[in-house]
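Notes follow the structure.
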Amino acid sequence: MITGIVLGIASLVIVVIIAFVIVSTMTGANLLTATRTSATVSNESTGGVNATGYTVDGASVANVVSGSYVLTEAYTDVAGTPLLIPLANVSISSSGVVTNATVTTYDSNATVSYTYNIESSEEVSASFLAGNLTAGVDNVSSKIPTVLLVAAIVLILGVLVLLVATWQKMRMGGGGI
């Protein structure tokens, strides 16, 4: 009985370790990034580019690769004429917030063009698998003290039964130790 419990726990630990190794190898070797898709947005109206920042519409897209936003163009409107904003004057953060890098505030007619990458479905699945494995290990590890306590009680009861059986046998035969 005890051997079965120990083997069961050891097998579970080995399977979890193997699963972690497989998932981390696949993500670490960038095997899942080959099917990422790239999106391009042209002339998105910003409502103004200033120091407080403007969050691009692409920031609300699911599974965007963090840090994949790249500004390609920025324009402002000066008296009805589009004026190219130097990319050195504007920046976009890893979460898709466009801010002005200078003291100049570009009006509400400013537009930006940018690209970003979207994770592949394989990457999303691997992330969920890793998250579920971690949650599962946490759940199982919180139960281990209870399982070990039950196993210890069973072991103690088994030893007591063997001791009582040996004592009964010695008493019946009239022998001594």
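Here are the numbers for this structure:
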| read-out | value |
| --- | --- |
| Residue within the stretch 67-81 that is among the charged types (D, E, K, R) and in contact (Cβ under 8 Å) with a residue 24 or more places away in the chain present | yes |
| Some residue of the stretch 74-97 being assigned to a loop (DSSP other than H, G, I, E, B) and modelled with pLDDT under 80 | yes |
| Matching option when the condition is in contact with a helix residue (DSSP H, G or I) (Cβ under 7 Å, 6 or more places away or on another chain), of a type in the set (A, V, I, L, M, F, W, C) and surrounded by 13 or more Cβ atoms within 10 Å (Cβ to Cβ), among Leu87, Leu71 | Leu71 |
| Residue check for Thr111: touching a residue at least 60 places away in the same chain (Cβ under 8 Å), of a type in the set (S, T, N, Q) and not assigned by TED's automatic domain parsing to the domain that holds Val23 | yes |
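The values are calculated or read from the model by the stated rules, or taken from the named source; none is laboratory data. It should be emphasised that the depicted structure is a prediction, and the values quoted were computed from it without experimental measurement. Reconstructed Cβ throughout: ideal geometry from the backbone, glycine too, with neighbour counts over all protein chains shown.
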